[in-house]
1. How much mean residue ellipticity at 222 nm does the chain get from its helices, if each DSSP H run of length 4 or more adds -39500 (n - 2.57) and you divide by all residues, to the nearest 500 deg cm²/dmol?
2. Relative to the longest principal axis of the chain, what angle (0 to 90°, nearest 10) does the C-alpha long axis of helix 23-35 take?
3. If each of VAL56 and ASP24 carries a label point 7 Å out from its Cα toward its Cβ, how far apart are those two points in nm?
4. To the nearest 20 debye, what is the magnitude of the charge dipole of region 4-62 about its Cα centre, counting +1 on the Cβ of each Lys and Arg and -1 on the Cβ of each Asp and Glu?
5. Just need the relative contact order of the chain here, percent rounded to a whole number, with Cα pairs under 8 Å and 6+ apart.
6. At 1.4 Å probe size, what's the solvent-accessible area of ARG15? Round to the nearest 10 Å².
7. List the residues whose amide H sits under 5 Å from the amide H of VAL46, counting only those 5 or more places along or on another chain, with H placed 1.01 Å from N in the peptide plane.
8. Springs between alpha-carbon atoms under 10 Å, Gaussian network over the chain: tell me which of ALA38, ALA29, ALA52 tops the mean-square fluctuations.
Amino acid sequence: VKDAAVGYLIRVPKRDPILRRTPDSARLAALAAVRAGAARAEVLAVVPVGTARRGVEWQSTEAGG
């Protein structure tokens with residue numbers, strides 16, 4: 001999943017989601033949130049599945065799809 005990921009989303013309860021570009025930056029942001037008092041911080045990989053555009057509506061990024 002790391003190869004296909006374009007970013008990493010950090011989810012912390014009761015806070016807005018954070019988007020980071022590198023795994024190291026995401027890890028540091030999650031650890032900082034926990035040190036700041038959060039019970040947990042989840043790091044999720046953001047993988048593109050398609051693009052919505054005018055005229056085309058939906059274009060899949062999957063191979064053959």
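The values are calculated or read from the model by the stated rules, or taken from the named source; none is laboratory data. Everything quoted here is computed from the prediction, not taken from an experiment. Note that each Cβ is placed from the backbone with ideal geometry, even for glycine, and that neighbours are counted across all protein chains shown. With ligands, DNA and RNA removed, areas are computed over all heavy atoms of the protein, side chains included. Shrake-Rupley method; radii C 1.70, N 1.55, O 1.52, S 1.80 Å.
1. Helix contribution divided over all residues of the chain: -6500 deg cm²/dmol.
2. 40 degrees
3. For VAL56 paired with ASP24, the spin-label model returns 3.4 nm.
4. 280 debye
5. Relative contact order, the chain: 33 percent.
6. That residue has around 110 Å² of solvent-accessible surface.
7. Those qualifying (amide H under 5 Å, at least 5 residues apart or on another chain) are VAL6, GLY7, TYR8, LEU9.
8. The residue that fluctuates most here is ALA52.
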